[in-house]
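Q: What follows is a structure written as structure tokens; I'll ask about it next.
The values are calculated or read from the model by the stated rules, or taken from the named source; none is laboratory data. Treat the numbers as computed from the prediction; the structure is a model and nothing was measured. Here the Cβ is made from the backbone with ideal geometry for all residues, glycine too, and neighbour counts use every protein chain on show. Accessible surface areas use protein heavy atoms only, side chains included; no ligands, DNA or RNA. Shrake-Rupley method; radii C 1.70, N 1.55, O 1.52, S 1.80 Å.
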Amino acid sequence: SKCITIHSTKCQSTRIFEYKELRRLHQISNNMCMLTELTTKPMTTSDQSVGLNRDNLKSSRSRRRERRKEGRNSSNDSKSVRRRDSTDDAKNDLKKSGPRRRPSVSSVISSDSSTSCRSPDPKRQLLDNNGGAKRKTRSRKRKLPKKAAKDKPVVVEVDDISDEEKKNYVAIDCEMVGVGRYGRRSALARVSITDWEGDVLLDKYVKVNEPVTDFRTFVSGITEADLDSDDAVEFEECQELVKGILRDRVLVGHALKNDFYALKLSHPWYMIRDTARYEPFMKADPTDKDSLVAKKLKDLARDKLGMTIQEEGKHHDSIEDATAAMELYKKARRKWDKAVEWKLNKTNSIREQQEKQE
């Protein structure tokens, strides 16, 4: 009745729209009827085959994933079982051995391998396959840090020589004062000579013929009273005394060039043992690595002999310095004398060749 009223009152366009709407509603009703029939109708063999085909549509990748999950689950279950078995065995061993007692290595090795699921570690196996004896294991001792070496007194090794040979060696040291403008020039003020044993052969203050502008007391220890005393000798007399002692003897000292300049004397080079010019007693020049420079006498005495001389705040003692130079020479006498002998033979051979050529 509704459709009849619509067709009678509305225009043609509205009629077409209503027709389409009615058609859509009709299709929906038909689809609903089909669904109700399918749900109520029992499944046939064809429908069952369609369901199986849908199941087979699963990819091989998903099936592999399921298999892996199943394998993991099974392995986890086996591991948990093994752990339980091992813990049970350990508890049983502890009960048998007693409370709070760790099993020894030998007991663990001698126990049957069937009681534990794990194979023994080959690194910890102590039994040899051939004889069954224990392998020799070296226990490495832990190296402890070296303790700081204490300052030990330096022992000077001296070759034994006869008393006659000892008379051939003397040591000398001189002290100077400053003369001239600002005391820059040095003048002889004291001479000390000792023998092989350190006994004093000569110790004299020397009168200075020029006015002294700097006594250098803080270094030399010399005062004006020392030079004006009755024990002070004239310069010429001092020269003669020194010449008589040095004749045909080996002279030992430190920086002897300065002493010879103050004494205005000379000595054969092969009879001089200057600790400032001996190469093993010298050090590398900081400005030129290829050259050597002299060390201080107090440094050599400290490093080579363990002696303490020329302390800070105290003046120098010429007798002490001469004795230190002699002790340094004793330490290197054999090598030093051989080096001088070789140089002397070399110079003599060169002179002979020059004389033959002339």
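Q: If a residue has to be among the charged types (D, E, K, R) and surrounded by 12 or more Cβ atoms within 10 Å (Cβ to Cβ) to count, how many in the range 258-271 make the cut? Lay out the reasoning, then the answer.
A: Of the residues in the range 258-271, the ones among the charged types (D, E, K, R) are 259, 264.
Still in the list and also surrounded by 12 or more Cβ atoms within 10 Å (Cβ to Cβ): 259.
Here the count works out to 1.
Q: For residues in the range 171-193 being of a type in the set (Lys, Arg) and either assigned to a strand (DSSP E or B) or at pLDDT 95 or above (or both), which is least open to solvent (accessible area, probe 1.4 Å)? It would help to see each step written out before you state the result.
A: Initially, the range 171-193 is screened for residues of a type in the set (Lys, Arg), giving 181, 184-185, 190.
Applying the additional criterion that residues be either assigned to a strand (DSSP E or B) or at pLDDT 95 or above (or both) yields 185, 190.
Working: Arg185: 124, Arg190: 28 Å².
That would be Arg190.
Q: Follow-up question, since we're still on this one. Going through the range 290-300 one residue at a time, which ones are hydrophobic (A, V, I, L, M, F, W, C) and surrounded by fewer than 18 Cβ atoms within 10 Å (Cβ to Cβ)? First the steps, then the outcome.
A: If we filter the range 290-300 for residues that are hydrophobic (A, V, I, L, M, F, W, C), which is where we start, we get 292-294, 297, 300.
Those that are hydrophobic (A, V, I, L, M, F, W, C) and surrounded by fewer than 18 Cβ atoms within 10 Å (Cβ to Cβ): Leu292, Val293, Ala294.
Q: Looking only at the range 338-358, count every residue that is at pLDDT 95 or above and not in a helix (DSSP H, G or I) and tell me the total.
A: Residues in the range 338-358 being at pLDDT 95 or above and not in a helix (DSSP H, G or I): 0 in total.
Q: Looking at (1) touching an Asp or Glu at 6+ places or on another chain (Cβ under 7 Å); (2) surrounded by fewer than 21 Cβ atoms within 10 Å (Cβ to Cβ); (3) modelled with pLDDT under 95, which is the only condition Leu201 fails?
A: Result: Leu201 passes all but (3).
Q: Suppose we filter the range 217-240 for residues that are among the aliphatic types (A, V, I, L, M), open to solvent by 10 Å² or more (accessible area, probe 1.4 Å) and touching a residue at least 40 places away in the same chain (Cβ under 8 Å); how many remain?
A: Result for the range 217-240: 2.
Q: Report, by residue number, each residue of the range 311-337 that is part of a helix (DSSP H, G or I) and open to solvent by 50 Å² or more (accessible area, probe 1.4 Å).
A: Step one: filter the range 311-337 for residues part of a helix (DSSP H, G or I), giving 318-331, 333-337.
Within the range 311-337, Glu320, Lys331, Arg334, Lys335 meet the criteria.
Q: Being in contact with a helix residue (DSSP H, G or I) (Cβ under 7 Å, 6 or more places away or on another chain) and either open to solvent by 60 Å² or more (accessible area, probe 1.4 Å) or more than 19 Å from Gly198 (Cβ to Cβ) (or both) narrows it down to one of Thr308, Thr287, so name that one.
A: On the way: Thr287 fails: in contact with a helix residue (DSSP H, G or I) (Cβ under 7 Å, 6 or more places away or on another chain).
The match here is Thr308.
Q: Scan Asp274, Asp303 and give me the residue that is free of Cβ contacts under 8 Å to residues at least 24 places away in the same chain, charged (D, E, K, R), out of contact with any Phe, Trp or Tyr (no Cβ under 8 Å at 6 or more places or on another chain) and open to solvent by less than 30 Å² (accessible area, probe 1.4 Å). Let's see the steps before the verdict.
A: Values: Asp303 fails: open to solvent by less than 30 Å² (accessible area, probe 1.4 Å).
Criteria check complete, one pass: Asp274.
Q: Further, regarding this structure: Scan Asn168, Asn209 and give me the residue that is closer than 25 Å to Leu297 by Cβ, open to solvent by 60 Å² or more (accessible area, probe 1.4 Å) and in contact with an Asp or Glu (Cβ under 9 Å, 6 or more places away or on another chain). Explain how you work it out, then say what you get.
A: Details: Asn209 fails: closer than 25 Å to Leu297 by Cβ.
Exactly one residue qualifies, and that residue is Asn168.
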